[in-house]
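Since the structure comes first, as structure tokens, the remarks are kept for the end.
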Amino acid sequence: MSESRIYDTVRESSAVGRSTRTIRCPFCGCEVEAYTWSLAGSGKRCECGAVHNYYGTTTRKDQP
């Protein structure tokens, strides 16, 4: 099973090919900087193991 939560965008930066988004993880609270293209692809993994995606959600698989 997995759980999904909506993340907060702390800041965004736009530059051709280098657009980034700083995300506050809804699971651990740390801030993660991710390229927009990476979020749109496979997502950006957080230190806690959660994966942030382009659509504003973070998913974390339950630990057994």
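Quick check: at a probe of 1.4 Å, how many percent of the accessible area of the chain sits on carbon and sulfur atoms? Before the final figure, lay out each step's value.
Working: 2100 of 4520 Å².
So the carbon and sulfur contribution to the accessible surface is 46 percent.
With each label modelled as a point 7 angstrom along the Cα→C-beta vector, the Phe27-Val10 pair spans 1.8 nm. Restricting the calculation to Cα atoms, the chain yields a radius of gyration followed by a Dmax of 11.5, 42 Å. The local environment of His52, defined by Cβ-Cβ distances under 13 Å, has a net charge of +2 under the rule Lys, Arg +1 and Asp, Glu -1. Loop-located GluC sites (Glu not before Pro) in the stretch 2-64 (DSSP state not H, G, I, E or B) with no more than 16 neighbouring Cβ atoms inside 10 Å: Glu47. Taking 7 Å along the Cα-to-C-beta vector as the label spot, tell me the Met1-Lys61 distance in nanometres, rounded to one decimal. Going from the Met1 label point to the Lys61 one covers 1.6 nm. Here the Karplus relation 6.51 cos²θ - 1.76 cosθ + 1.60, evaluated at θ = phi - 60°, turns the backbone of the stretch 15-29 into coupling constants of 8, 4, x, 10, 5, 10, 9, 9, 10, 9, 5, x, 8, 10, x Hz, with x for every Gly and Pro. Each other residue within a Cβ distance under 15 Å of Glu12 adds +1 if Lys or Arg and -1 if Asp or Glu, for a net charge of +2.
The values are calculated or read from the model by the stated rules, or taken from the named source; none is laboratory data. All values reported here derive from a predicted model rather than from experimental measurement. Here the Cβ is made from the backbone with ideal geometry for all residues, glycine too, and neighbour counts use every protein chain on show. Remember, those area values only see protein heavy atoms, side chains included, never the ligands or the DNA or RNA. Shrake-Rupley method; radii C 1.70, N 1.55, O 1.52, S 1.80 Å.
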